[in-house]
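Take a look at the structure below.
The values are calculated or read from the model by the stated rules, or taken from the named source; none is laboratory data. Note that the coordinates shown come from a computational prediction; the quantities given were computed from them, not determined experimentally. We place every Cβ from the backbone using ideal geometry, glycine too, and count neighbours over all the protein chains shown. Please note that ligands, DNA and RNA were not included when accessible areas were found on the heavy atoms of the full protein model with its side chains. Shrake-Rupley method; radii C 1.70, N 1.55, O 1.52, S 1.80 Å.
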Amino acid sequence: MSHHRITQAIRIRTDRTNEREHSSPLFLTSSFTFDDSEQMRAAFADETDDNIYSRFSNPTVQEFTDRMVALEGAEDGFATASGMSAIVASFMSFLKKGDHLLSCNAVFGSTHTIITKYLPKFGIEYTYVNAGNPQEWEAAIRPNTKMIYLETPTNPGLEIIDLEAAGQLARKHNLILNVDNCFATPIGQTPIQYGADLVVHSATKWLDGQGRVLGGVIVGKKELIHEIYLFCRSTGPSLSPFNAWVLSRSLETLDVRMERHSANALHIAQALEQHPKISWLRYPFLPSHPQHAIARSQMSNGGGIICFELKGGLDSGKKFLDNLQMLSKTANLGDTRSIASHPASTTHAKLTPEERQLVNITPGLIRISVGLEHRDDILQDILQTLDKC
Ligand SMILES: *Cc1c(COP(=O)(O)O)cnc(C)c1O
């Protein structure tokens with residue numbers, strides 16, 4: 001019997017031990033033993049899928065991976081120590097000297113560093129294309145282009161990229177389409193359905209959902225994941241079994257959590273949209289969002305992130321953070337607790353004003369990761385600090 005993917009995210013598990021425990025055990029071990037030399041030989045020769053060493057595979061890590069594979073509708077997956085190690089593995093497994101990467105210009109900060117600083121060290125070229133304008137992407141494709149990389153919704157500007165169009169472009173030019181699905185989660189959208197070959201995640205955010213552990217995962221086509229497995233098996237960015245155990249439990253509540261995160265976020269976005277201290281507010285499921293129609297067609301909810309621009313600019317941004325009474329001031333997102341951040345004075349402060357403009361970080365931009373507290377309390381805190389901006 002094949003179950004719904006939400007059920008699979010709850011029910012897929014490692015084999016029971018002789019204790020017949022209901023919850024999944026944690027296999028906190030670095031290596032696995034063999035009965036004899038023949039069994040060991042066969043495992044090392046890849047003739048069996050016996051576990052050898054936790055850098056290669058581990059039952060607890062496999063459970064988390066299998067649940068993510070089910071949620072994303074993928075063929076296979078590999079879990080990593082962080083979102084960044086997932087992204088780096090997805091690049092290094094397929095790009096070589098002389099290859100070209102096409103990426104949307106609004107990417108997570110550390111991803112930007114990998115693309116612009118480290119890939120060129122290995123002779124890998126890149127072109128940034130406008131996230132909001134896929135028409136200009138095709139003209140940027142070169143004979144040596146190998147991969148298209150994108151995030152949607154983007155961080156922190158919440159631009160929506162048309163996955164259907166990106167999937168068609170990748171197929172037409174025989175490119176690997178690699179999508180960071182961190183912001184939407186597989187509850188919000190499943191890029192593989194639109195032709196993505198690889199989906200990468202920071203499990204640190206919504207997948208954990210409680211701000212406890214770092215983790216990452218890559219899912220996608222079987223033959224591509226095999227390449228990633230070979231890369232990771234040798235280079236060692238594998239996920240800790242302990243973190244995998246935590247993340248695997250988290251996936252059991254992902255669907256209900258994302259439903260509430262999104263409902264809270266929509267309510268707050270609607271309540272703040274016309275606020276006199278705010279010049280614009282962006283949330284994918286508000287009709288005012290520039291790519292609202294695309295968001296509605298490819299996403300099943302608007303997600304838990306809202307961003308808006310304070311009329312008072314940089315100064316108001318700092319005051320907004322300073323006068324918060326409940327919302328957390330922290331760099332993370334996707335937590336049960338609501339979080340506010342002001343990129344221009346924190347995560348993106350080192351960029352020049354021109355660079356900030358290029359990635360749409362305006363001086364008064366505030367990003368809210370809407371948590372699971374009662375929506376009245378979240379809104380109340382935002383309204384009282386807005387009064388002081
Ligand atoms: C946080 C984040 C990452 C990096 O993940 P880590 O787990 O912090 O390494 C990558 N992409 C996006 C969109 C993120 O928000």
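Semi-axes of region 333-389's equivalent ellipsoid from the Cα gyration tensor, sqrt of 5 times each eigenvalue, largest first, rounded to whole Å?
Each semi-axis is √(5λ); the values are 26, 13, 7 Å.
When the GluC sites (Glu not before Pro) in region 33-114 are filtered for DSSP coil states and for at most 13 other beta-carbon atoms within 10 Å of their beta-carbon, the remaining sites are 47. Taking all protein chains as shown and a probe of 1.4 angstrom, residue 84 keeps an accessible surface of around 50 Å².
Adding -39500 (n - 2.57) for every DSSP H run of four residues or longer, then dividing by how many residues the chain holds, sets the calculated 222 nm ellipticity at -10500 deg cm²/dmol.
Averaged over all directions, how much area does the convex hull of the C-alpha atoms of the chain cover when projected, in nm²?
Average of the hull's projected areas for the chain equals 20.5 nm².
Measuring max minus min along each principal axis, the C-alpha atoms of region 254-386 give extents of 39, 33, 28 Å (largest first).
If Lys and Arg each add +1 and Asp and Glu each add -1, what is the summed charge of the other residues whose beta carbon sits under 15 Å from the beta carbon of residue 174? After counting each charged neighbour, the total is +1.
Given the convex hull of the Cα atoms of region 194-343, what is a quarter of its surface area in nm²?
In nm², the orientation-averaged hull projection of region 194-343 is 11.2.
Residues whose amide H lies under 5 Å from that of residue 129, counting only those 5 or more places away or on a different chain, are 103, 104, 105; hydrogens are built 1.01 Å from N in the peptide plane.
Just to confirm a number: summing +1 for Lys and Arg and -1 for Asp and Glu over residues other than residue 151 whose beta-carbon lies under 10 angstrom from that of residue 151, what do you get?
Net local charge, residue 151 excluded: -2.
What does the charge add up to near residue 122, with Lys and Arg as +1, Asp and Glu as -1, over the other residues with Cβ less than 15 Å from its Cβ? Residues near residue 122 contribute +3 overall. Here region 313-368 and region 1-76 have alpha carbon centers that stand 40 Å from each other.
Roughly how many percent of the accessible protein surface of region 178-219 is carbon and sulfur, given a 1.4 Å probe and a whole-percent answer?
Values: 380 of 760 Å².
Of the solvent-accessible surface of region 178-219, carbon and sulfur hold 50 percent.
Taking 0.36 nm per residue of sequence separation and removing the Cα-Cα distance, the residue 122/residue 30 pair yields an extension gain of 29.9 nm.
Pairs with C-alpha atoms separated by more than 31 Å, drawn from the list 146/205; 146/318; 222/329; 222/350; 311/350, are 146/318; 222/329; 222/350.
3J(HN,Hα) couplings calculated from phi for region 105-115 with the Karplus curve 6.51 cos²θ - 1.76 cosθ + 1.60 (θ = phi - 60°) are, in sequence order, 6, 9, 10, 3, x, 5, 5, 4, 5, 4, 5 Hz; Gly and Pro show x. Simple spin-label estimate for residue 300 and residue 47 gives 4.4 nm between the two label positions (7 Å along the Cα-to-Cβ direction from each Cα). The phi torsions of region 183-192, fed into the Karplus equation with coefficients 6.51, -1.76 and 1.60 and a -60° offset, translate into couplings of 6, 7, 6, x, 6, x, 6, 10, x, 4 Hz, rounded to whole numbers, with Gly and Pro shown as x. If you sort 227, 273 by accessible surface, 1.4 Å probe, largest first, the order is 227, 273.
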